[in-house]
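Asker: I'd like to ask you about the structure that follows.
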Amino acid sequence: MRWLGEIALLCAFVTSILAVLSLVMGVACRHAALRKVGHIAAGSTFVSLTIASGVLLHAFYGKDFDFACVQQYTSQDLAWPYALAAMWIGQAGSLQLWSWLTAAVAAGFCLRARSRSESLTCVALAIMMAFCAFLITTMVFAADPMAVSVSRALDGDGMSAVLQHPAMLVHPPIVFFGYALWTVPFALAMAALIVGDFDEANRLARGWALCGWLTLGAGILIGGYWAYNELGWGGYWNWDPVENGSLIPWLLGTAYLHALMAWRRSGVLQKTAMATGLATFGCCNFSAFLTRSGIFSSLHAFSQSPIGWLFLWLMLTIVGATIGLIVWRQRDLRAVRALSTLVCREAMIMLNCGALILLAGVIVIGTLLPTMAAWLSGSKIVVGPEFYNRAVVPVGFAILITTATAPLLRWRQRPTDWQRRGLLISGGVASIAMVATRIGLRQGWIVGGLLACLCFGFTASVMAIGHDFRQHLGSSLTRWQRLARSRRALYAGLTIHLGLFVFALGLGVSSLGSERSEVTLPIGEAVDLWGRSIRLSSLTETPAAGKRIVAANLVLTDRAGAERSLSPAQHYHWHRREWTTEAAIDATWQDDFYAVLNSSDLNDNVRLTFLRTPGMSLVWLGAWMMGAGGLLAAWPRTGQRGAATLVDQRLLQMQMGSQQRHAA
């Protein structure tokens, strides 16, 4: 079967390059037949990569050790779900997955894109296929997933034990799918700068950008859930360089979506929208550089390889092309009108985008600073969580305040009387919450500020929804349904914002209120912690498939007298000869009780670590709310295209009129 995969990969290499050349020449020469050849070649690339991916998955499932990557990441005793997941654990297999997802997205773009500008969609498709060709070329010449093993082995090296977790079955594919989806807004932005049709590009990019933002966010969340449950240190985010690499494009993508909305509604932030749209995809490649260059020590990183530097050069090329094209098109990207007031929705969006970009820049600096210091001066600098926390807190508050204020403001105009009252009422509720937190709950100013932002945003959102209902709604059920459809984007945005406030409050409470205790317990003894009684009932050792499990069986009794069982454990994996920690978590709405088994001695004294983390339910609830709002916003619209394009047409007319006056 390996020969079939090699042929399919070579066919994809040829057809991807053919697609780029045919589409570019077809647009340049206005030749419809060449453009059609380009579309067929793009589809053929997807088919070829599907065959190659199928061959590789079959090899992992069957544990065919003739494949070098199969021998490196699987073993005979590895369960088949993790054997399949081993495809995206390694470098070559992850490139295969990324290229296939990119080709699938490009094929979906071919089928769904309905545009009045064929030149725009063809140039965008050519750019997508050029990136796909880059990935395939990297595989063919530097990281061949079909490479044969140097020697035939009866068993493989196996997968790292810490990666054998259900979250690893879906986390990497979802992150790579997010990267692939961001290829479309990038390609449309580049095509718009080349062709000059900005409004049509924005209309087509919005849905893809929302899907990319939602998918990448889901991948980051699942990765945090895996770290929280598997790594045994009680946290979900450690500012790891590769973790940062996925967060940076998500932040820039958020700024892009807000700038795009301001562009379509008010004709401002054109350059910001273009720059952030292109930078988001560039930072997806920055993440690939962090993972594959070998200059960063991380659980997520591959071994040292020249492949990472190819992604760095690609990112630098994107930066250069972005600057050049924006400078070239700067006359077309001027704002339709200047801001008439600073107290309007687009002004808040402008500040919000600036804060998001600043936060992404701080994370980039913190990620690169140790390596740059080592290169330039030879000194070793450690950038820990304290650096990020000092930067994230003030910038995060700026993001929350602008997010909370925007729904109570109008586009392009000063706030009305009811909006002023709404701001005053929301501010009053937030002040009361701040004072109550400081005096009644005796919490710090950070938790008080987060709770105040939550109260401000919740009050502002409720008032905005209530006012919208009064303006557009009567008593008829049909009007309710019509309003829900026509104002879906507004309600989806408010849901995302409320989820953000809940999520931020959970982050603050869980980070600042966490408590930790190291305890040594003999069997049968108990300890009282944080209103709970924890008794060690037994220490057991049981064999399992490919491993040995040592578990401490705990009986947890809460304030109400209810008993629950917890079994933190250590797993010894025979094949890899390594231990992994399996934490036990008792999750409630108030807090999470986290138990970790460390060791035991010959007298059956067991050393345990207990952590109490309040607010974790708020973290997961806020993430689910943001996801629900994102799904609501990204769901395909029906019967609203005319309404959406009317805004674009109005802005286009205003731009044309402004350009004519400037020329006169």
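The values are calculated or read from the model by the stated rules, or taken from the named source; none is laboratory data. Please read these numbers as outputs of a predicted model, since none were measured by experiment. Positions of Cβ are generated from backbone atoms using ideal geometry, with glycine treated the same way; all protein chains shown enter the neighbour counts. Note: areas computed on protein heavy atoms with side chains; ligands, DNA, RNA excluded. Shrake-Rupley method; radii C 1.70, N 1.55, O 1.52, S 1.80 Å.
Asker: Using DSSP to define loop residues, name the chymotrypsin sites (Phe, Trp or Tyr not before Pro) in the range 17-97 whose beta-carbon has at most 15 other beta-carbon atoms within 10 Å.
Answerer: Answer by residue number: there is no such site.
Asker: A further question follows. To the nearest 0.05, how large is the calculated FRET efficiency for Leu339 and Val140 if R₀ is 56 Å and r is the Cβ-Cβ distance?
Answerer: E(calc), rounded to 0.05, equals 0.65.
Asker: Between Ile40 and Asp528, what is the label-point separation in nm under the 7 Å Cα-to-beta-carbon projection?
Answerer: 8.1 nm
Asker: Which value in nm describes the separation of the simple spin-label points at Met1 and Asp66, placed 7 Å from the Cα toward the beta carbon?
Answerer: Simple spin-label model gives 1.1 nm for this pair.
Asker: Right, another one. Given an 8 Å cut-off on Cα distances and at least 6 residues of separation, report the relative contact order of the chain as a percent.
Answerer: Computed value for the chain: 10 percent relative contact order.
Asker: How much accessible surface area, in Å² rounded to 10, belongs to the heavy atoms of Met146 with a 1.4 Å probe?
Answerer: 0 Å²
Asker: Still on this structure: Using the Karplus curve 6.51 cos²θ - 1.76 cosθ + 1.60 with θ = phi - 60°, work out ³J(HN,Hα) for each residue of the range 42-59 in order, rounded to whole Hz, and write x for Gly and Pro.
Answerer: These are the phi-based 3J(HN,Hα) values: 5, x, 5, 4, 4, 5, 5, 5, 5, 5, 4, 5, x, 4, 5, 4, 4, 5 Hz.
Asker: Rounded to the nearest 500, what is the 222 nm mean residue ellipticity of the chain from helices alone, with -39500 (n - 2.57) per DSSP H run of 4+ residues and division by all residues?
Answerer: Mean residue ellipticity at 222 nm (helix-derived): -22500 deg cm²/dmol.
Asker: With +1 on each Lys and Arg Cβ and -1 on each Asp and Glu Cβ, and nothing else charged, work out how big the dipole of the range 1-89 is about its Cα centre, in Debye to the nearest 20.
Answerer: With Lys and Arg at +1 and Asp and Glu at -1, about 540 debye.
Asker: Just to make sure I understand: if all protein chains stay in place, what is the order of Cys284, Cys29, Cys211 by accessible area at 1.4 Å, largest first?
Answerer: Of Cys284, Cys29, Cys211, the descending order of accessible area is Cys29, Cys211, Cys284.
Asker: What is the gain in length, in nm to one decimal, between Val462 and Ile549 on full extension, counting 0.36 nm per residue of separation less the C-alpha to C-alpha distance?
Answerer: 26.2 nm
Asker: Expressed in nm², what is the orientationally averaged projection area of the convex hull enclosing the Cα positions of the chain?
Answerer: 34.9 nm²
Asker: Here is a follow-up. If R0 is 25 Å, what FRET efficiency do you get for Val148 and Trp313 from their C-beta distance, rounded to 0.05?
Answerer: With a Förster radius of 25 Å, E is 0.30.
Asker: Let me ask something else. Using the crude model of +1 on Lys and Arg Cβ and -1 on Asp and Glu Cβ, and no other charge, please compute the dipole size for the chain relative to its Cα centre, in debye to 20.
Answerer: In debye, rounded to 20, the chain gives about 3420.
Asker: Taking amide H positions as placed 1.01 Å from N in the peptide plane, with prolines and chain starts having none, which residues 5 or more places from Val148, or on another chain, fall under 5 Å of its amide H?
Answerer: Placed amide hydrogens put Ala68 under 5 Å from Val148.
Asker: Roughly how far apart, in whole Å, are the Cα centres of the range 117-173 and the range 528-604?
Answerer: Cα centroid of the range 117-173 versus Cα centroid of the range 528-604: 38 Å apart.
Asker: Tell me, what ³J(HN,Hα) does each residue in the range 499-514 have, in order and in whole Hz, if you take phi through Karplus 6.51 cos²θ - 1.76 cosθ + 1.60 with θ = phi - 60° and put x for Gly and Pro?
Answerer: x, 5, 5, 5, 4, 5, 4, x, 4, x, 5, 5, 6, 8, x, 5
Asker: A follow-up question, please. Name the residue from Leu188, Phe593, Ala355 whose Cα lies farthest towards the positive end of the charge dipole of the chain, charges +1 on Cβ of Lys and Arg and -1 on Cβ of Asp and Glu.
Answerer: Among Leu188, Phe593, Ala355, the one farthest towards the positive end of the dipole of the chain is Leu188.
Asker: Out of the range 356-432, which trypsin sites (Lys or Arg not before Pro) are coil in DSSP terms and have no more than 12 other C-beta atoms within 10 Å?
Answerer: When the trypsin sites (Lys or Arg not before Pro) of the range 356-432 are filtered for loop state and at most 12 Cβ neighbours within 10 Å, Lys380 remain.
Asker: How would you order 381-389, 225-233 from highest to lowest mean count of nearby Cβ atoms within 10 Å? Spell out each step's value before the answer.
Answerer: Working: 381-389: 13.0, 225-233: 19.0.
Ranking the peptides 381-389, 225-233 by packing returns 225-233, 381-389.
Asker: When only DSSP loop residues count, what trypsin sites (Lys or Arg not before Pro) in the range 99-202 have their Cβ near at most 13 other Cβ atoms within 10 Å? Let's see the in-between values first.
Answerer: Numbers: sites: Arg112, Arg114, Arg116, Arg152; in loops: Arg114, Arg116, Arg152.
When the trypsin sites (Lys or Arg not before Pro) of the range 99-202 are filtered for loop state and at most 13 Cβ neighbours within 10 Å, Arg114, Arg116, Arg152 remain.
Asker: For the chain, what is the accessible area per residue in Å², given a 1.4 Å probe and the full set of protein chains?
Answerer: Ligands and nucleic acids excluded, the figure is 45 Å² per residue.
Asker: Suppose a student asked you for the relative contact order of the range 101-203, using Cα pairs under 8 Å spaced at least 6 residues apart; what percent would you report? List each step's numbers first, then the result.
Answerer: Numbers: 58 pairs, mean separation 52.3, N = 103.
Computed value for the range 101-203: 51 percent relative contact order.
Asker: If R0 is 30 Å, what FRET efficiency do you get for Asp157 and Ala628 from their C-beta distance, rounded to 0.05?
Answerer: After rounding, the FRET efficiency stands at 0.15.
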